[in-house]
Every structure is written in structure tokens, then in C-alpha cells.
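As C-alpha cells, the structure follows; a few thoughts come after it.
The values are calculated or read from the model by the stated rules, or taken from the named source; none is laboratory data. None of the values given here were measured: they were computed from a predicted structure. With ideal geometry, Cβ positions are generated from the backbone for all residues, glycine too; neighbour counts draw on all protein chains shown.
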Amino acid sequence: MNGQPGMRAAFCELSSSSLISFSGEDAASFLHGQLTSDIAGLRAPVTQYAGYCSAKGRLLATFLVWRLENEILLQLPRVLHDALQSRLVKYVLRARVKVTNASDRFALFGLADADPADTRIAVSSATLPQAAHQVVLFDAGALTLLPLRRYLMLVDRTRAHDVRVNLEKVAEERDECVWQRLEIEAGIPLITPPTQDEYVPQMANLDLIGGVSYTKGCYPGQEIVARTHYLGRLKQRMYHVRMATPEPPAAGDALYSSEFGPDQASGKILSVETGTRDGAYDALAVIQTGVARDGHVYWRSLDGPALEFVPLPYTIPS
């Protein structure tokens, strides 16, 4: 998981992620009315990004949605699982939907820098997804292709040991922080408790990765999200930044610029890798767009480490 040609493939188990399962006749229509993306239009099997907003149109969570034949899984940070599942259950009412914790049924493995032949060995499958978010089923679970040519495996826990053995044949096991760095490099927003209920989806670039539909109809906060798209001009966007510091940054840390002065933050860290690379940390941060264009932003105070802006794989509208 290094993104450098010629380096050996790497994998890790995503133990910090969790899964909520929705099954039943009304599962798709129920989630369609709760999330920011078009769930009813998804044709299984496929994955898609989505968000869940408060009534104010601010993100409470971001997900990778797994649309399978008989259920829909929401992949989210484990730290948010219990609160989000309890909240969503309250809105089921008379809908024919069963909501359960699927983390005890499935394990998640990320694989990067693997060529197709090695990936086929890892999943014991002759077929691989060819396009982003396509899902291929194999005997132990499901495999999807994510941005930056990464594979994500949803594996039945009874087969997790077999899959790990196959992965070890073709890849080196690495710490999960390396997968976190790749998520940052891909520009995939991750909402956690310090940043809940602060940003409309567009501020976190969820619209730029297919996680927002403007034609699907109502969901919590939909009017505000739509108004932001059709009438508003975004003053904040999410950027990939890097900072050299011996002290680990954290989600929710404030960022400052000379334009806003020492007493008013001009942005905030959204997510950050838990490991360091050459004394620097990679992060995603929501920052005032004008300040980001100037590029002079500092961590925690005007005297703090300067942020280096790193290009994202998609274009942020000007």
C-alpha cells in the first residue's frame, strides 16, 4: 500500500470499520429516504459512497454502501456504529426492514498495489471488477474496486482465515494506517465524532465522488443540500494536506491563516492517518476555499507547522 511501482502488494484487515445490515422488502426504499445518494437506483452487486445528514443538512456519517442481492450493508467507522444503528432503527416504523449488526458475519480486507494475477490468487476467482465500484462475488464473499486501483474484500468470517492465507501468498500484511493514508490520497471523507453535524456534504467533497444525488427526492437535510447546490456558493471544500510535526494531529483540530488572523479558524482537520511517514502526517481538511488557494495555512495556530497541499485525484470546482 504504497502507490510506488515495483513495490510488493500489501493488505490489511480493516478492524476499525463496522457494518450495518439492512434486509427485507423495503430495505432499498427505506435507505433511499435516509441517505444522500440514489440507493433505489443501485443494481446489485455494486458499491457506492453516501452520507447521512441531520435535519440541518450536516453530515452525521459517511458510508461505503454495499448493495448485495439480499441485503444492503453500510460500512462506517466502528466508533459510530451503535449510535447510527440506533438512530436509523427509530425511523423504520412500519417499513419491512430488518436492521442488524453485520460485523460479526463479515471481515473486511483491503488490498493495494496488486496485479490482477495476484489478486485472482488472493480471492480464488478468475473474474475481477474492471470499473470502480463494480462488485464481483467469489466463494468467500465479495470484491469491489475502489479509487486508486484498490481492492476491498467483504469476507464471510468463517472463511476469513482462508482468505488471509491466500493474501499472504501474494502480499505483505501492513498496519491499517496505510489503508487510511490511501483513503486520504483518494479524497474519501470520513466523519467521526469530532466532526459530526458540521459540514454539508459538498464541503466534504461527497458530491465529487458520487455520494450525492440531486434528483432522488427527500431525505433528512435534503432541502439544505439542494439549496447549497443550486443557489449557494461554497466557501469551504475538503483538501488533502500534509504536515510535519512530532505530535500527531487529530480530527477536529483547528487550522489558521493570516487572512483570518490568530483568533478565527479558517478550517479544520476532518480525518488523519494514525501513523506517520518520514515525520509527516497526511490528512483531509475542510478549509475556506480562498485561503486554500493562497496555500498559507497552519496547524493549531499561526505559529504552528505549515500545511503542504497535495493534489487530489479529482478536480475541486473553483
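Observations on the model:
- Hits in segment 244-285 - residues which are touching a helix residue (DSSP H, G or I) at 6+ places or on another chain (Cβ under 6 Å) and either within 21 Å of G187 (Cα to Cα) or of a type in the set (F, W, Y) (or both): A251, G252, S266, L270, E273, T274, G275, D282, L284
Okay, residues lined up against (1) among the hydrophobic types (A, V, I, L, M, F, W, C); (2) at pLDDT 95 or above; (3) assigned by TED's automatic domain parsing to the domain that holds L80:
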position: L145; (1), (2), (3): yes, yes, yes
position: R149; (1), (2), (3): no, no, yes
position: L154; (1), (2), (3): yes, yes, yes
position: D175; (1), (2), (3): no, no, yes
position: I191; (1), (2), (3): yes, yes, no
position: M203; (1), (2), (3): yes, yes, no
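- Figure legend. Inter-residue proximity from segment 202-224: first residues free of Cβ contacts under 8 Å to residues at least 24 places away in the same chain, second residues hydrophobic (A, V, I, L, M, F, W, C), beta-carbon distance below 9 Å, spacing 6+ or different chains. Indicated pairs: D207/V225; Y214/V225; Y214/A226.
- Of everything listed in (1) surrounded by 18 or more Cβ atoms within 10 Å (Cβ to Cβ); (2) without any contact (Cβ under 8 Å) to a residue 60 or more places away in the chain; (3) of a type in the set (S, T, Y), the single unmet condition for S258 is (1).
- In segment 43-55, the residues that are within 19 Å of L128 (Cβ to Cβ) reach residues that are among the charged types (D, E, K, R) and at pLDDT below 95 with C-beta atoms within less than 7 angstrom, at least six apart or across chains, in these pairs: A44/E69; P45/E69.
- Taken as a whole, the structure leaves S16 outside the set of residues that are in contact with a Leu (Cβ under 8 Å, 6 or more places away or on another chain) and surrounded by fewer than 22 Cβ atoms within 10 Å (Cβ to Cβ).
- Check on V212, buried (at least 21 other Cβ atoms within 10 Å of the Cβ), farther than 21 Å from R293 by Cβ and in contact with a Leu (Cβ under 8 Å, 6 or more places away or on another chain): yes
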